[in-house]
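Working notes, beginning with the structure itself.
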Amino acid sequence: SSPQALSLKTLLRQGEESRPRSEAVFPLGMRVDGSVFWVDLSEPSMTSILIGGTSGSGKSVLLRSVVVGLLLCAPKDSVNFTLIDPKRVTFVDLAGLRALEEGRVLYDADEAMEALREAVEEMEQRYGLMEGARVSHLTDYNVVTGERLRRRVLIIDEYADLMTCKGTAKELELFIQRICQKGRAAGFHLLLATQRPDSKVVTGVIKANLQLRIALKVASKSNSQIILGEGFTEAQCLLGHG
């Protein structure tokens with residue numbers, strides 16, 4: 001059969017019955033049997049995501065679809081986004097969203113690092129609150145206390161721009177590690193995207209801490225293997241349309 005484009009509207013409609021009952025889900029695509037594949041960020045195997053693909057492979061469309069999909073599936077005012085866009089073009093049409101932290105997209109490296117630093121601090125504060133309420137998860141905390149702490153979804157497009165800056169690389173790795181290791185229970189989720197999935201960008205620390213990995217079309221077998229793991233070298237054969 002010939003390739004067929006799938007709209008977010010189609011995935012949401014056809015996957016309604018199979019949608020996980022969670023505050024943090026979005027449709028990623030469709031399986032060969034016609035069923036919709038849902039990503040549930042509250043699941044331990046999906047809480048943080050690495051996305052790699054060459055320029056023009058569909059990363060920007062995917063990232064925007066993640067934001068829109070999460071907003072359409074989540075209860076009102078239950079998800080908050082921090083969007084970091086060093087390229088300054090990926091999220092330009094999402095600026096001003098009510099669910100956007102500070103109501104704007106972050107472009108500057110210093111602002112991005114400060115936002116990640118504040119996210120780590122807030123995450124640690126939430127653990128203190130949950131300890132005081134004697135619960136182990138954000139959902140339980142909201143039920144027990146009657147508060148409405150939002151889930152925080154942090155998305156960085158082309159995070160390689162931050163990794164190649166000597167002044168931020170090590171600190172960025174530390175922030176990524178802490179959010180990925182401790183974020184799920186506190187309602188923090190991290191998505192990193194890059195068109196340069198080489199070993200200097202997808203370091204061992206980053207690769208080990210991002211549970212779900214998505215490969216769009218890449219330039220080489222080695223890029224595919226870096227994203228997906230040993231033995232997975234077919235992503236360079238993808239069509240390049242998302």
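The values are calculated or read from the model by the stated rules, or taken from the named source; none is laboratory data. If you're wondering where the values come from, they're calculated on a predicted model, not measured in any experiment. Counting neighbours? That spans all protein chains shown, and the Cβs are built from the backbone with ideal geometry, glycine included. For accessibility, only protein heavy atoms count, side chains too; no ligands or nucleic acids. Shrake-Rupley method; radii C 1.70, N 1.55, O 1.52, S 1.80 Å.
From the list E173, E147, E121, which one is open to solvent by 40 Å² or more (accessible area, probe 1.4 Å) and either over 29 Å from R98 (Cα atoms) or not in a loop (DSSP other than H, G, I, E, B) (or both)? That would be E121, the only listed residue that is open to solvent by 40 Å² or more (accessible area, probe 1.4 Å) and either over 29 Å from R98 (Cα atoms) or not in a loop (DSSP other than H, G, I, E, B) (or both). Every condition in (1) under 22 Å from A235 (Cβ atoms); (2) touching a Lys or Arg at 6+ places or on another chain (Cβ under 6 Å) holds for V32 except the one numbered (2). Can you name the residue in segment 23-42 that is open to solvent by 50 Å² or more (accessible area, probe 1.4 Å) and out of contact with any strand residue (DSSP E or B) (no Cβ under 9 Å at 6 or more places or on another chain) and is also nearest to D157 (Cα to Cα) among such residues? The residue in question is V32. Within segment 61-73, identify whether any single residue is open to solvent by 40 Å² or more (accessible area, probe 1.4 Å), part of a loop (DSSP other than H, G, I, E, B) and out of contact with any Pro (no Cβ under 8 Å at 6 or more places or on another chain), and answer yes or no. No: zero hits. Entry remark, segment 30-43: residues being modelled with pLDDT of 95 or more, out of contact with any Asp or Glu (no Cβ under 9 Å at 6 or more places or on another chain) and over 19 Å from P75 (Cβ atoms) number 2 in total. The condition (being assigned to a helix (DSSP H, G or I), of a type outside the set (V, I, T) and modelled with pLDDT of 95 or more) is satisfied by just one residue among R152, R213, R184: R184. Scanning segment 30-60 for residues that are touching a residue at least 24 places away in the same chain (Cβ under 8 Å) and not in a loop (DSSP other than H, G, I, E, B) gives M30, V36, V39, I49, L50, I51, G52, K59, S60.
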